[in-house]
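Read the structure below first, then the notes.
The values are calculated or read from the model by the stated rules, or taken from the named source; none is laboratory data. What you see is a predicted model, and the numbers here were worked out from it, not measured in a lab. Backbone-built Cβ (ideal geometry, glycine too); neighbour counts: all protein chains shown.
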């Protein structure tokens, strides 16, 4: 049984130099943040159950290709419930946000071998603005479960783009993405960085940083976990439909919790969000679908070629 101590602190805090780099670039990669033996239980579980208990949602990109996501909000005693509560992540996000944070939601994002699905250009806060959050006061900790390379579709960050305004959202046939006109323009002005990582590396990034990822051109699955955190002061100003995103204090756990084996299972017995497959989302909470985005008619790319067809979202170029 897990016990909680309000005084739990990480033994591996971010340095002032790392915090300054995050605020300058809009993201920060920390090598070896987790040891391999801390990551291996999840890698093995995903390998043994590639459909992650049947809760995966297939997400279509602007090219009509898919990638796979499994989401959750509840933090239980499973590995997936323990991971977002580990002190080194929580203390890191709070150092970057400058205030207390809480768990927004987390997700496993997988790209199968030779899958063509891309994650279109977007700012996370452009979505969460629609959930009733007024500020981009979010920080994400992305954990590499497998190697993330250019060839298998690592995340691409636009350095310094967290200082840009919130881009309007455009729509494809079943995809929603950042306004292509603004994406093309900002890529002329700011540096694009391929964020390659080894298992156990993490990347913290700002809620407003523009990013995407390309297809997996290899014979190995590319897997990451995104743990998203919101500043307490930025909780949604409406409740209806956002009950799962309301503030709940995080019961932090020691950095050693995974090595100590203090979890019941990896994701068996875990409370995932329902799959959002189908037009109605099958009862999903609308993390990806069932959202009433405002998109002007001139930003509707339905039935057209992806507006990112000629942009650098793959290993070419």
Looking at 80, 28, which one is surrounded by 15 or more Cβ atoms within 10 Å (Cβ to Cβ), within 26 Å of residue 149 (Cβ to Cβ), touching a helix residue (DSSP H, G or I) at 6+ places or on another chain (Cβ under 6 Å) and modelled with pLDDT of 95 or more?
-> 28
Taking the condition under 20 Å from residue 306 (Cβ atoms) and either in a strand (DSSP E or B) or free of Cβ contacts under 8 Å to residues at least 40 places away in the same chain (or both), does residue 139 pass?
-> no
Would you point out which residue out of 101, 62, 106, 15 is closer than 26 Å to residue 177 by Cβ and at pLDDT 95 or above?
-> 106
Top-ranked residue in the range 171-201 [being more than 19 Å from residue 25 (Cβ to Cβ) and in contact with a helix residue (DSSP H, G or I) (Cβ under 7 Å, 6 or more places away or on another chain); ranked as modelled with the lowest pLDDT] | 171
Assuming residue 168 fulfils every condition listed in (1) surrounded by 15 or more Cβ atoms within 10 Å (Cβ to Cβ); (2) modelled with pLDDT of 95 or more apart from one, which condition is it?
-> (2)
Count - residues of the range 144-169 that are touching a strand residue (DSSP E or B) at 6+ places or on another chain (Cβ under 6 Å) and closer than 30 Å to residue 239 by Cβ | 3
Yes or no: residue 104 more than 24 Å from residue 218 (Cβ to Cβ), in contact with a strand residue (DSSP E or B) (Cβ under 7 Å, 6 or more places away or on another chain) and surrounded by 21 or more Cβ atoms within 10 Å (Cβ to Cβ)?
-> yes
Which pairs do you get when a residue that is free of Cβ contacts under 8 Å to residues at least 12 places away in the same chain, found in the range 240-260, comes within reach of a residue that is buried (at least 17 other Cβ atoms within 10 Å of the Cβ) and in a loop (DSSP other than H, G, I, E, B), reach meaning Cβ atoms under 8 angstrom, with the pair 6+ apart or on two chains?
-> 246/235; 246/236; 260/254
State whether the residues of the range 201-218 include one that is in contact (Cβ under 8 Å) with a residue 12 or more places away in the chain, farther than 20 Å from residue 122 by Cβ and out of contact with any strand residue (DSSP E or B) (no Cβ under 6 Å at 6 or more places or on another chain).
-> yes
Subset tally (residues that are under 21 Å from residue 90 (Cβ atoms) and within 22 Å of the chain's Cα centre (by Cα)) for the range 232-271 = 21
Quick one: count up the residues across the range 116-153 that are under 18 Å from residue 68 (Cβ atoms) and surrounded by 20 or more Cβ atoms within 10 Å (Cβ to Cβ).
-> 12
Which condition breaks for residue 129 when tested against (1) farther than 22 Å from residue 306 by Cβ; (2) assigned to a helix (DSSP H, G or I); (3) touching a residue at least 40 places away in the same chain (Cβ under 8 Å)?
-> (3)
Among (1) closer than 26 Å to residue 198 by Cβ; (2) part of a helix (DSSP H, G or I); (3) touching a residue at least 12 places away in the same chain (Cβ under 8 Å), the one test that residue 17 misses = (3)
